[in-house]
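The values are calculated or read from the model by the stated rules, or taken from the named source; none is laboratory data. Remember, predicted model here, so these are calculated numbers, not experimental data. A quick note on method: Cβ atoms are made from the backbone with ideal geometry, for glycine too, and the neighbour counts reach across all protein chains shown.
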Amino acid sequence: MKYFKQILVYAKPYKIYGFFNIISNILYALFGTLAFVSLMPMLKVLFKSAEQIHTKPTYTGITKLGDYLEKSINYFITQKVNNEGELKALLFMIVIIISTFLLKNIFGYLAMYFITFLRNGVLKDVRNELYEKTVDLPLAYFSEKRKGDIIARISTDVLEIQHSFLSILELVVREPLTIVFTVIAMLAISPQLTLFVFLFIPIAGFVISLVGKKLKKQSDSVQLEQGHFLSILEETLGGLRVIKGFNAEGYFNKKFRQSTSRFYDFSNTLLNRQNLASPLSEFLGIGVIAILLWYGGSLVLVDKTLAPDAFIVYMTLAYNILTPAKAISKAVYGVKKGDAAAERVLEILHTKSPLADKPNATVKPTFDSAISLKNVSFKYQDDYVLHDFSLEIPKGKTVAFVGQSGSGKSTIANLLTRFYDVNEGSILIDGENIKDITKKSLRNLQGLVSQDSILFNDTVKNNILLGLENKSDDEIIAAAKIANAHEFIKDLPNGYDFNIGDSGNKLSGGQKQRLSIARAVLKNPPIMILDEATSALDTESERLVQDALEKMMQNRTSVVIAHRLSTIQKADIIIVLQKGKIVEQGTHNELIANNNIYKKLVEMQTL
């Protein structure tokens, strides 16, 4: 219950449904007991065993409750039979029995009706918060976690928590109350027999608890393995082209089968242990019933201290305890599974983002003078990618970064957008540390076009808009024209309303990249970050887009991460990186004249 209690906080907005569920459950348990107790007057009429009592009995205290109830029933039957006859009295008793069973079922339905709103409300709110947290967490978090495991937590683990909510309310309210009311009725009929029964109940409870001890650990194994095979599925769908191209279907089939085989073994162990709860509790209950039959029979036949009709009702009540007892044992297991699922969900919800805004973070609406990187050092894991890196990027200038793969070019883009934080040093905008600025206002100042065209399964229009809901159709078309995308968009079926498919797979690589550029153009930020933005384009598209980018970068501060050196010849400053350090900087012509690393890179690409 350690983790499950923390999930109960999400039930607060729906507490009114919980209140009505509890009231309905109390009435369900009460009428459930009365339904069986009401059998006694009917049996007395049938067996003609009611003692003739003509004076209404008086209540003399809790110790004499059984006698008082017995005499009250006999008095009631005597009056009914004398006034209306045996047949009408019997019919009246049957109506009472039907009415109590009807009320029991009405309140049972109402309890389920109200709990449905509470369970689904908790499911919705936990999923929403989990998704928001997932989106808010830094990129570094997902380099260590499997995506499939995250999906499993948002889908199946949250669903397991939802089911457990029903279990917990059964465990706390309905079934225990059913047992309590039933035991009160049993005590009223025969205290001696009831005390005898309760000598054996702790033994049965101990045996059932032994079965459930390892359940949480086994639930963890099942849920972890489910996350693992969902990860394999996610990777397979994402890399299907490569898997087919390398004839690697057999390898991935084997990998997936191994995971599902482990899931099969874990699930069998878990479900078999869980399924043991119901038959075990029923068998132990029947054992107690058998002892009852022997001891209660002796009270009826030998001692003559218990009436036969009372004994029949008593046995019915005793058997009535079995159903809630089974439900409680199943609910205990359900809560254990829910607790395991809650632990996995809360692990994400309680993860603190190292990139969270400071409490006193300021909103920066404009960019006025310069971006400064001062003595910046950064590492993704063990080895530093940037070492004591310093640079000033004045407003309105275009700065390009070139160098071999792994030299730290894209890392600079990741740090400027604050997808990662520097390990040492600082990044300043207009002299203000970006850690002291809200992430939202920082990124409002920036436009990003990455090497990989990140598009979504939506229309062309919505992919260009992306977070800019207040833009008009004319502005969208103007942005697309600057990115040289309008011509191909208008030829698509439905034009700007064309759905581009999963990750934009209905478009070519060049078309996808031009949509990404149109998106950045529409945002119209003062700082533009282009992370190898033309690398996916063919020669003709590159020429068109390069022309558009040059127009777009006029009077704008631009940081260009370049692989194709032909695209950065007009940059104000070209920075040549090697192993995270600046080894050359200057204009294109100055660096060619230096006859050093940059010139060699240009010659290699020219060749």
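For region 371-385, a tally of residues being closer than 20 Å to residue 571 by Cβ and in contact with a Lys or Arg (Cβ under 9 Å, 6 or more places away or on another chain) returns 1. As a summary of the residue check, residue 529 satisfies the conditions (1) part of a helix (DSSP H, G or I); (2) in contact (Cβ under 8 Å) with a residue 60 or more places away in the chain except for the one numbered (1). Quick one: is residue 389 within 30 Å of residue 147 (Cα to Cα) and either crowded, with 19+ Cβ neighbours inside 10 Å or of a type in the set (Lys, Arg) (or both)? So residue 389 does not fit the description; no. Within region 352-386, which residues are polar (S, T, N, Q) and at pLDDT 85 or above? The answer is 360, 362, 366, 369, 372, 375, 377. Screening region 331-372 for residues that are assigned to a strand (DSSP E or B) and of a type in the set (A, V, I, L, M, F, W, C) and picking the one that is surrounded by the fewest Cβ atoms within 10 Å (Cβ to Cβ) gives 370.
The number of residues in region 147-196 being hydroxyl-bearing (Ser, Thr, Tyr), at pLDDT 80 or above and under 30 Å from residue 128 (Cβ atoms) comes to 2. Considering 101, 142, 107, 92, the condition of being aromatic (Phe, Trp, Tyr), in contact with a helix residue (DSSP H, G or I) (Cβ under 8 Å, 6 or more places away or on another chain) and within 24 Å of residue 17 (Cβ to Cβ) is satisfied by 107 alone.
Among residues that are out of contact with any Pro (no Cβ under 6 Å at 6 or more places or on another chain), more than 25 Å from residue 331 (Cα to Cα), assigned by TED's automatic domain parsing to the domain that holds residue 237 and among the acidic types (Asp, Glu), residue 149 is included. For region 377-387, the count of residues that are assigned to a loop (DSSP other than H, G, I, E, B), assigned by TED's automatic domain parsing to the domain that holds residue 551 and in contact with a strand residue (DSSP E or B) (Cβ under 8 Å, 6 or more places away or on another chain) is zero. Does residue 178 qualify as being buried (at least 19 other Cβ atoms within 10 Å of the Cβ), in contact with a Leu (Cβ under 6 Å, 6 or more places away or on another chain), closer than 18 Å to residue 25 by Cβ and assigned by TED's automatic domain parsing to the domain that holds residue 16? Judged against the criteria, residue 178 is not a match.
Scanning region 582-598 for residues that are of a type outside the set (A, V, I, L, M) and either closer than 23 Å to residue 528 by Cβ or loosely packed, with under 15 Cβ neighbours inside 10 Å (or both) yields 585, 586, 587, 588, 589, 590, 594, 595, 596, 598. Once region 559-607 is narrowed to residues that are touching a helix residue (DSSP H, G or I) at 6+ places or on another chain (Cβ under 6 Å) and among the polar types (S, T, N, Q), the residue that is modelled with the highest pLDDT is 569. When region 236-251 is filtered for residues that are within 11 Å of residue 148 (Cβ to Cβ) and at pLDDT 75 or above, only 236 remains. Based on what the data block shows, is residue 522 modelled with pLDDT of 85 or more, part of a helix (DSSP H, G or I) and buried (at least 20 other Cβ atoms within 10 Å of the Cβ)? Answer is yes for this residue.
Entry remark, region 252-266: residues being surrounded by fewer than 14 Cβ atoms within 10 Å (Cβ to Cβ) and either under 13 Å from residue 233 (Cα atoms) or modelled with pLDDT of 85 or more (or both) number 5 in total. Consider residue 410 carefully, then state whether it is over 36 Å from the mean Cα position of the chain (by Cα), among the hydroxyl-bearing types (Ser, Thr, Tyr) and in the same structural domain as residue 526 (by TED's automatic domain parsing). Against the criterion (over 36 Å from the mean Cα position of the chain (by Cα), among the hydroxyl-bearing types (Ser, Thr, Tyr) and in the same structural domain as residue 526 (by TED's automatic domain parsing)), residue 410 does not qualify. Taking region 99-157 as the region of interest, how many residues are surrounded by fewer than 17 Cβ atoms within 10 Å (Cβ to Cβ), closer than 30 Å to residue 31 by Cα and of a type in the set (S, T, N, Q)? Total satisfying the criteria: 4.
With respect to being touching a residue at least 12 places away in the same chain (Cβ under 8 Å) and buried (at least 19 other Cβ atoms within 10 Å of the Cβ), residue 325 fits the description. In this structure, is residue 37 crowded, with 18+ Cβ neighbours inside 10 Å and modelled with pLDDT of 75 or more? So residue 37 passes the test.
Yes or no, residue by residue, for (1) closer than 30 Å to residue 401 by Cβ; (2) not basic (Lys, Arg):
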| position | (1), (2) |
| --- | --- |
| 349 | no, yes |
| 352 | no, no |
| 356 | yes, yes |
| 366 | yes, yes |
| 379 | yes, no |
| 382 | yes, yes |
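When the criteria are applied in full, residue 183 meets the requirement of being closer than 19 Å to residue 328 by Cβ and either in the same structural domain as residue 29 (by TED's automatic domain parsing) or surrounded by fewer than 20 Cβ atoms within 10 Å (Cβ to Cβ) (or both).
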